[in-house]
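J.: Below is the structure I would like to discuss, written out as structure tokens.
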Amino acid sequence: MPVEEFVAGWISGALGLVLGHPFDTVKVRLQTQTTYRGIVDCMVKIYRHESLLGFFKGMSFPIASIAVVNSVLFGVYSNTLLLLTATSHQERRAQPPSYMHIFLAGCTGGFLQAYCLAPFDLIKVRLQNQTEPVAQPGSTPPQYQGPVHCAASIFREEGYRGLFRGAWALMLRDTPTMGIYFITYEGLCHQYTPEGQNPSSATVLVAGGFAGIASWVAATPLDVIKSRMQMDGLRRRVYQGVLDCMVSSVRQEGLGVFFRGVTINSARAFPVNAVTFLSYEYLLRWWG
Ligand SMILES: C[N+](C)(C)CCCC[C@H](N)C(=O)O
């Protein structure tokens, strides 16, 4: 089984992640808290109360986990295509796989990475939602002191299954939308690249950026539900399950609730995924 894809997936994921984390914090806050009036208001408040560091809350864990998560995504994607079409990464430019195969491979990668991502994503969301200023003497300390403490507290209070809170919504979010992610990327690359050649850097950047936007727009409704399920259980349980969370969110806030954070998600998705695909392609070409 080719391993380069796993390693390339890891490095490229980490680069994209750092770039996108401040956007991600704003997104999570807008989706789960009602104190902010919009993107700018949220950014200003984070900066005033929590300084620049506020934007990077909860990042250390995703950096560690991206090694597992992105390598599973890209590794499984590429190896599923190898199984389906019997072509390696290098051969795929000359013999492009069908969109059906790309979609299936993307869904498989998305499904498997969701399970690895679930506990890490839960901890990230819980830490991002702590609004206390970072380490100020005299102020009440936040509930979770850091990722390890957060994981241990969840385990203690909510059990092993508590670490997988929201995992079902995450899997529903990622399986189809990772299919969309790879289809958009491959489709755009194919469109703007002469037969049999490698796509140019500009093409990879733009195709990667739009792949990120397309998959995030499709993923946003379930992303909101996922984040809410993850915050549920912190004090008392509010939602019975994914469906119940959807119904009560719509009842209370209208259909617009499904698009909370879509603008910030898209603004984040372009640079993150442009950089992810560019480094992924270059690492593989370089090793190939
Ligand atoms: C499938 N879904 C839309 C959720 C994510 C697709 C892009 C994944 C990328 N690592 C990022 O963080 O943007």
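J.: Testing the spin-label approximation: label points 7 Å from Cα along Cα→Cβ at Trp286 and Leu243. State their distance in nm.
T.: Distance between label points: 4.9 nm.
J.: Using Cβ counts within 10 Å as a stand-in for footprinting exposure, how do Val262, Val69 rank, fewest first?
T.: Val262, Val69
J.: Select from Pro141, Pro62, Pro96 the residue whose mean-square fluctuation is largest in a Gaussian network model of the chain (Cα-Cα springs shorter than 10 Å).
T.: Of the options given, Pro141 has the highest mean-square fluctuation.
J.: For segment 167-249, run through the chymotrypsin sites (Phe, Trp or Tyr not before Pro) and keep only the ones in DSSP coil with at most 15 other Cβ atoms within 10 Å of their Cβ.
T.: In loop regions of segment 167-249 (DSSP not H, G, I, E or B), the sparsely surrounded chymotrypsin sites (Phe, Trp or Tyr not before Pro) are Tyr192.
J.: Still on this structure, I have one more. At most 13 other Cβ atoms within 10 Å plus a DSSP loop assignment makes a site exposed; report the longest stretch of the chain without any exposed trypsin sites (Lys or Arg not before Pro).
T.: For trypsin sites (Lys or Arg not before Pro) (loop position, at most 13 other Cβ atoms within 10 Å), the longest site-free span of the chain is 38-234.
J.: For the pair Glu157/Ala86, report the inter-label distance in nm, with labels modelled 7 Å from Cα in the Cβ direction.
T.: 5.5 nm
J.: Please give the net charge around Gly233, taking every other residue with its beta carbon less than 15 angstrom from that of Gly233, where Lys and Arg add +1 and Asp and Glu add -1.
T.: After counting each charged neighbour, the total is +4.
J.: Per 0.36 nm of contour for each residue apart, how much would the distance between Glu253 and Leu53 grow if the chain were fully extended, relative to their Cα-Cα spacing?
T.: 68.9 nm
J.: Give me the net charge of Trp168's neighbourhood, meaning all other residues with Cβ under 14 Å from the Cβ of Trp168; Lys, Arg count +1, Asp, Glu -1.
T.: Spelling it out: positives minus negatives among the neighbours equals 0.
J.: Here is a follow-up. Along the positive direction of the dipole of segment 1-111 (beta-carbon charges: Lys, Arg +1; Asp, Glu -1; about the Cα centre), which of Gly75, Gly54, Val44 reaches farthest?
T.: Highest projection toward the positive end goes to Val44.
J.: Roughly how big is segment 3-287's charge dipole about its Cα centre, with Cβ charges of +1 (Lys, Arg) and -1 (Asp, Glu), in debye to the nearest 20?
T.: Magnitude of the dipole: close to 880 debye.
J.: Got a sec? Charge dipole of segment 3-287, +1 on Cβ for Lys and Arg, -1 for Asp and Glu; which of Gly179, Ile66, Thr193 is way out at the positive end?
T.: Ile66
J.: A follow-up question, please. So, in nm, how far is label His149 from label Ala64 when the simple model puts each one 7 Å beyond its Cα toward the Cβ?
T.: Spacing of the two 7 Å Cα→Cβ label points: 1.5 nm.
J.: As I understand it, the value is the acute angle between the Cα axis of helix 60-85 and the longest principal axis of the Cα atoms of the chain; what does it come to in degrees, rounded to 10?
T.: Once rounded, the angle reads 30 degrees.
J.: Might you report the magnitude of the Cβ-based charge dipole of segment 146-252 about its Cα centre, with Lys and Arg at +1 and Asp and Glu at -1, to the nearest 20 debye?
T.: For this selection, approximately 660 debye.
J.: Taking the C-alpha atoms of segment 3-287, how large are the radius of gyration and the largest Cα-Cα span, Dmax, in Å?
T.: Both quantities, over Cα of segment 3-287: 19.3, 65 Å.
J.: How do Ser248, Ser65 line up, fewest other C-beta atoms within 10 Å first?
T.: Fewest to most other Cβ atoms nearby, the residues stand as Ser248, Ser65.
Computed from the coordinates by the stated procedures, all read-outs in this text should not be read as laboratory data. No experiment lies behind these values; they were computed from the predicted model shown. As a convention, Cβ positions derive from the backbone with ideal geometry for all residues, glycine included, and neighbour counts pool all protein chains shown.
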